[in-house]
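No lab work stands behind these numbers, since they all come straight from the coordinates. These numbers come from a predicted model, not from an experiment. Backbone-built Cβ (ideal geometry, glycine too); neighbour counts: all protein chains shown.
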Amino acid sequence: MTRIDWTVVRTAATGGLIVIVPGALASDLLADRWSGWPVWLYLAVVLVGFAVAGSMAGRLRADTPILHGALSAALTFLVTVAIGLALASARGRAISWAAVPVAGVLAVTSGVAGALLGDRLHRRIAAGGVPRAAVPPGASSPGTS
């Protein structure tokens with residue numbers, strides 16, 4: 001049976017929150033002045049944050065990247081919802097409860113996609129291949145002459 005490493009889940013969720021929380025606060029401030037595009041900006045930042053959480057989990061637990069990526073994204077989502085509820089209630093805004101499950105599915109899906117990418121990167125580095133972005137132009141990658 002697979003053991004869940006909750007330290008990895010918490011660490012990866014924290015990484016996702018580092019991306020999501022500033023983006024959410026900025027979007028919330030912008031939404032008061034402009035309508036339309038701050039919502040899309042917020043959605044993009046949040047999905048990237050969930051993917052970051054999944055990617056961190058996928059790199060840290062290469063034996064079970066999907067499980068840990070999904071759990072870290074779910075934990076990130078729960079904390080994000082709690083922050084969103086606090087902000088909405090403080091400002092007296094209505095909460096769309098129908099959107100919460102849809103957003104949860106998007107969060108976990110982004111986390112799993114990030115976990116798969118993180119796992120692939122981890123395996124590529126472990127095999128001795130360095131991603132092309134890490135090799136300066138004109139330099140050879142390790143293991144080549």
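Packing, as the average of other Cβ atoms within 10 Å across residues, places the peptides 21-29, 116-124, 44-52 in the order 44-52, 116-124, 21-29, highest first.
Model label sites at residue 11 and residue 62, defined 7 Å from Cα along the beta-carbon direction, differ in position by 1.4 nm. Among 55-63, 95-103, 80-88, the peptide with the highest mean count of other Cβ atoms within 10 Å heads the list, and the full ranking is 55-63, 80-88, 95-103.
The string of couplings for the stretch 15-25 from the Karplus curve (6.51, -1.76, 1.60, θ = phi - 60°) is x, x, 5, 4, 7, 6, 4, x, x, 5, 5 Hz, one whole number per residue in order, with x for Gly and Pro. The relative contact order of the stretch 6-130 comes to 33 percent, based on Cα pairs under 8 Å that sit 6 or more residues apart. Applying the Karplus relation 6.51 cos²θ - 1.76 cosθ + 1.60 with θ = phi - 60° to the stretch 67-81 yields 3J(HN,Hα) values of 4, 6, x, 5, 5, 5, 5, 5, 5, 4, 4, 4, 5, 4, 5 Hz, where x marks Gly and Pro.
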